[in-house]
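Take a look at the structure set out below.
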Ligand SMILES: Nc1nc2c(ncn2[C@@H]2O[C@H](COP(=O)(O)OP(=O)(O)OP(=O)(O)O)[C@@H](O)[C@H]2O)c(=O)[nH]1
Ligand SMILES: [Mg+2]
């Protein structure tokens, strides 16, 4: 009998894991001559009882269980390492544990390896494949695919952001794990593994994959983070291909929070500017007073976005209301700064306007934009060190 080991990474999947295991094992009837083994690689952060559920199934010798450090990549790679050590499999496979992939894809993956390929890729974008997710997610998978293929290639692989794959142990052993960012806590391991597999000489083929909405539980896929990683990883690979040895992906990863904070800042600036102009043009307030009010509106807007997005996963000792208070208090510094800058510029330059490319642009527009750089610098510094200060204990 030949053995295929299937890694199922889990992170709070109590509602789906047992059913997925059962469905995967059922595929044996469609794989004559093969024994299916399952390795559940459960994240150490899992707290919903997934572990207890799987432990009860361990009487079945085909089911194996390991705990792994945080991250999808760690779950997958450690799962395959475990399989290689304990099971001597002929094929290494991996699937999501939440019931999203129709499990018969495993049969197609294994048969593709039997046909002489060293890497079989489950793909929503080949004939017979389907992507049944919500629109935002479909746009992401397609956008990521086009961007990655254009920069990294090869162009003929259409699916780059899915885990459903199978490969030979020989290929896996040739992969340069030092270069592969498998310890990242995002899903970048999916496209990055593909790239490293190609460099290791993979002979690949895509097989149709039907990807539905997860059965139950919640998504661990953070679309912004993943998009950010695919873009920066692809650029990094492209730079290296052109001979530039710059650790772009690693540095961009460190700057992620700052980039999010800046995006929030940009949205807040638009909100601020909108109200600033409304107050001046429709309510007849003077620029400095308008700036005071519009900035307060922007402060609340930015607080919401930062609290529920930029710093969402920071553990802090304060609750949301306390943070809003602190945020307002520290932003007050920025607000006072901005009002004074506008006041000063207004006194100095008055109410004129200049002609820019044939259009008359009021001075108060420039007053507004002059406040942005100093206030941004102030805001990031104080919020980084005070409002969303890390507190692990
Ligand atoms: N061990 C481990 N497993 C993870 C981690 N993140 C996700 N997984 C598992 O990897 C699989 C894919 O994660 P999902 O959250 O379903 O991601 P997705 O399929 O892109 O998103 P949805 O469509 O919303 O389900 C699931 O089985 C998760 O339990 C992680 O950090 N560690
Ligand atoms: Mg899923």
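What follows is calculated from the coordinates using simple rules that are stated; it is not laboratory data. Keep in mind the model is a prediction, meaning the values are calculated, not measured. Every residue, glycine as well, gets a Cβ built from its backbone with ideal geometry; the counts of neighbours run over all protein chains shown.
Could you tell me how many degrees, from 0 to 90 and to the nearest 10, lie between the Cα long axis of helix 372-382 and the main elongation axis, the longest principal axis, of the Cα atoms of the chain? That works out to roughly 60 degrees. Computed from Cα atoms, the angle from the helix 189-199 axis to the main principal axis of the chain rounds to 60 degrees.
Please label the shape of segment 75-140 as rounded, prolate or oblate, based on the square roots a ≥ b ≥ c of the eigenvalues of the alpha-carbon gyration tensor (a/c under 1.5 means rounded; beyond that, a/b larger than b/c means prolate, else oblate). Taking the square roots of the gyration eigenvalues as a ≥ b ≥ c, segment 75-140 is oblate.
Its convex hull of Cα atoms gives segment 174-270 a direction-averaged projected area, equal to a quarter of the hull surface, of 9.4 nm². Roughly speaking, what % of Cα-Cα pairs in segment 291-357 are separated by over 21 Å, rounded to a whole number? Here the tail beyond 21 Å accounts for 42 percent of pairs.
Divide the volume of the convex hull around the Cα atoms of segment 255-389 by the residue count and you get 106 Å³ per residue. Highest-first packing order for the peptide set 47-57, 226-236 is 226-236, 47-57, based on the mean count of other beta carbon atoms within 10 Å. R0 = 51 Å: FRET efficiency of residue 318 with residue 282, Cβ-based, nearest 0.05? For R0 = 51 Å, the calculated efficiency reads 0.85.
Placing one equal scatterer on every Cα of segment 210-256 and applying the Debye formula, the log10 ratio I(q)/I(0) at q = 0.26, 0.29, 0.31 Å⁻¹ is -0.91, -1.03, -1.10.
Let me know the shape class of segment 99-174, please: from the alpha-carbon gyration tensor, a ≥ b ≥ c as square roots of the eigenvalues, rounded when a/c is under 1.5, otherwise prolate if a/b is greater than b/c, or oblate. In terms of gyration-tensor shape, oblate. Placing a pseudo-label 7 Å from each Cα along the Cα-to-Cβ vector at residue 215 and residue 259 gives an inter-label distance of 3.5 nm.
If both residues of a DSSP beta bridge must be in the chain, then about 30% of such bridges are antiparallel. Normalised radius of gyration (Cα atoms, divided by 2.2 N^0.38 Å) for segment 261-308: 1.15.
For segment 211-322, the fraction of alpha-carbon pairs lying more than 25 Å apart is 49 percent, rounded to a whole number.
Based on the Cβ-Cβ distance from residue 384 to residue 23, what FRET efficiency comes out when R0 is 41 Å, to the nearest 0.05? Show your work: numbers first, answer last.
Details: r = 46 Å, r/R0 = 1.12.
Taking R0 as 41 Å, the efficiency between residue 384 and residue 23 is 0.35.
Annotation: peptides 243-251, 121-129, 101-109, ranked by per-residue average of other Cβ atoms within 10 Å with the highest first, follow the order 101-109, 121-129, 243-251.
In the chain, the C-alpha radius of gyration followed by the widest Cα-Cα span (Dmax) gives 26.3, 87 angstrom. Spacing of the modelled spin labels on residue 300 and residue 146, each 7 Å from Cα toward Cβ, amounts to 3.9 nm. Measuring how big segment 103-257 is from its alpha-carbon positions, Rg and Dmax come out at 15.4, 46 Å.
Between segment 44-70 and segment 284-320, the alpha-carbon centres lie 43 Å apart. P(r) tail, segment 2-219: Cα-Cα pairs separated by more than 27 Å, 25% of all pairs. For segment 344-385, the mean projected area of the C-alpha convex hull, equal to one quarter of the hull surface, is 3.7 nm².
Most tightly packed first, judged by the mean number of other beta-carbon atoms within 10 Å of their residues, the peptides 334-347, 189-202 read 189-202, 334-347.
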